[in-house]
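Report on the following structure.
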Amino acid sequence: MTAAADRRPTAARQAAGGPAADEDLRALFGQSIAVYASLAGPTHLLETANPAFFAAIGGGDRARTGVPIAELMPELAGQGFTALLDEVYRTGEAYTGRDARVVLGAGTQAREAFFDFTYEPRRDDHGDVTGIRVIGVETTQIKQAQRLLAEHGALLEQIARQAPLGEVLDGMARCIENLTPDVLVSVLLADADGRRLRHGAAPSLPDFYNEAIDGIATGEGVGSCGTAAHRREPVVVTDIATDPFWDDFRELAERAGLAACWSTPILARDGSLLGTFAMYHRGPRVPADTDLALARVFAGTAALAIECHHIEQARLAAEARAEAARAELAMAVRAERELRAEAEQRATAAAELADRLRAAAAAQAARPHPERCQLGGSAGCAAPAEIKIADSWGDSAWGCNAHVEEAILNVRSVFIASEDLGGLAAYLNR
Ligand SMILES: [Zn+2]
């Protein structure tokens with residue numbers, strides 16, 4: 001990579017699908033931290049647990065020991081985990097679960113999680129079971145990242161087979177919304193000069209909002225997207241209600257129920273602006289690193305889709321231009337051919353006439369005739385008379401070569417009155 005390329009904004013390198021894109025995808029898999037807890041007695045009293053365990057179960061007032069696990073996490077009983085603990089305690093046989101789904105917490109705080117885990121009996125010196133060790137690794141992020149990669153792969157295939165841009169962007173927005181349920185996605189497309197942003201895709205935002213945003217200028221302080229487009233850098237607004245960037249759009253956002261908006265510019269491989277990729281939330285929100293990684297990955301994917309679209313549009317336009325040029329050329333060739341044929345015809349007619357004029361002039365040179373051309377009209381003609389012409393009414397006159405030719409070409413029924421050429425009598429007696 002050249003030094004110049006290194007200075008490109010992150011998102012530009014992203015669009016190129018370089019190493020940064022791989023890093024972001026890897027970041028989305030997260031770090032697998034082991035959770036550990038030690039339970040004692042038949043009530044599974046939580047004796048000790050590592051910070052990762054408390055973080056996984058929601059922290060806060062749940063981060064305490066000395067209570068039975070069923071009391072700390074009442075949601076476990078309904079999902080069969082307490083019964084499993086009871087069985088391990090009773091039989092002394094370890095239990096291992098793979099990618100086990102568990103809903104942690106309750107109500108609005110509930111979250112779906114996946115774990116690889118082992119319930120392992122603890123024993124005293126006599127071999128009797130005294131409690132259970134819980135060792136696990138949360139696989140939620142890995143599972144999500146796998147889903148994301150599958151969806152992402154499908155999007156890339158869609159782009160590769162040149163599905164319509166609107167379809168690709170719409171599919172992308174829905175895909176992200178499925179993967180991260182609280183997010184509302186919007187993609188805006190930049191005009192060719194990068195001064196304005198047009199509606200691209202936002203399947204979950206209300207129409208009145210999309211219509212109001214369609215055509216906003218790019219510039220410092222024009223919401224999250226206008227500013228991100230202007231800066232060519234991600235802009236994170238965690239609370240629309242108080243952020244000065246949203247002064248002009250605050251009421252609109254409130255009406256649409258939008259409270260946070262993180263926008264990432266979509267940049268072409270050469271760093272030019274293609275659009276913006278925004279993630280909205282219904283409540284004030286600070287993005288996690290994985291949210292930003294997700295935004296970068298999809299801004300890169302959107303860049304690919306838009307660039308492919310532009311290339312295809314340019315190809316179609318070039319084809320149409322080439323077709324028009326070909327048609328024009330064919331027409332020109334045809335016209336030229338016709339002109340040439342006509343010119344040849346005229347040249348032949350003129351040459352024939354010239355021959356006849358020469359012959360007539362030679363034949364009549366000896367006959368008496370006026371000295372000057374009689375065909376000059378009111379202006380007169382000073383050229384010597386050389387040829388006699390006549391018409392079928394019996395009128396005749398003497399003229400110079402030029403005027404005789406003009407008369408023969410322009411006046412119907414005029415002919416060269418040369419006895420040497422023969423007349424109707426000669427024809428009848430042939
Ligand atoms: Zn004349």
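Read the figures in this text as sums done on the coordinates, not as results from a lab. All of these numbers come straight from a predicted model, not from anything done at the bench. Positions of Cβ are generated from backbone atoms using ideal geometry, with glycine treated the same way; all protein chains shown enter the neighbour counts.
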Calculated from DSSP H runs of 4 or more alone, at -39500 (n - 2.57) each and per residue, what is the 222 nm mean residue ellipticity of the chain, nearest 500?
-14000 deg cm²/dmol
Find which of 223, 407, 194 sits farthest along the positive direction of the dipole of the chain, computed with +1 on the beta-carbon of Lys and Arg, -1 on that of Asp and Glu, about the Cα centre.
407
Report the charge-dipole magnitude of region 33-138 in Debye, nearest 20, computed about the Cα centre from +1 at each Lys and Arg Cβ and -1 at each Asp and Glu Cβ.
200 debye
Computed E for residue 36/residue 289 - FRET, C-beta separation, R0 25 angstrom, nearest 0.05
0.55
Just to be sure I understand the model, the point goes 7 Å from the Cα along the line to the Cβ. What's the resulting residue 363 to residue 163 distance in nm?
8.8 nm
In nanometres, what is the gap between the two model label sites at residue 71 and residue 239, each 7 Å from Cα along Cα-to-Cβ?
3.7 nm
Mind ordering 48-59, 91-102, 176-187 by average Cβ neighbours within 10 Å, highest first?
176-187, 48-59, 91-102
Stretched fully, the stretch from residue 429 through residue 247 gains (0.36 nm per residue minus C-alpha distance, one decimal, in nm) 54.6 nm
Pop a pseudo-label 7 angstrom from the Cα along the beta-carbon direction at both residue 192 and residue 310 and give the gap in nm to one decimal.
1.1 nm
Based on the alpha-carbon gyration tensor of the chain and its eigenvalue square roots a ≥ b ≥ c, which shape applies: rounded if a/c is under 1.5, prolate if not and a/b is larger than b/c, or oblate?
prolate
Return the tail of the calculated pair distribution for region 68-121, meaning the percent of Cα-Cα pairs more than 14 Å apart.
58 percent
Using a Förster distance of 22 Å, the FRET efficiency for residue 410-residue 355 (Cβ separation, nearest 0.05)
0.70
Of the convex hull enclosing the alpha-carbon atoms of region 216-331, the direction-averaged projected area in nm² is 9.3 nm²
Net length gained if the chain between residue 341 and residue 329 were fully extended (0.36 nm per residue, minus Cα distance)
2.5 nm
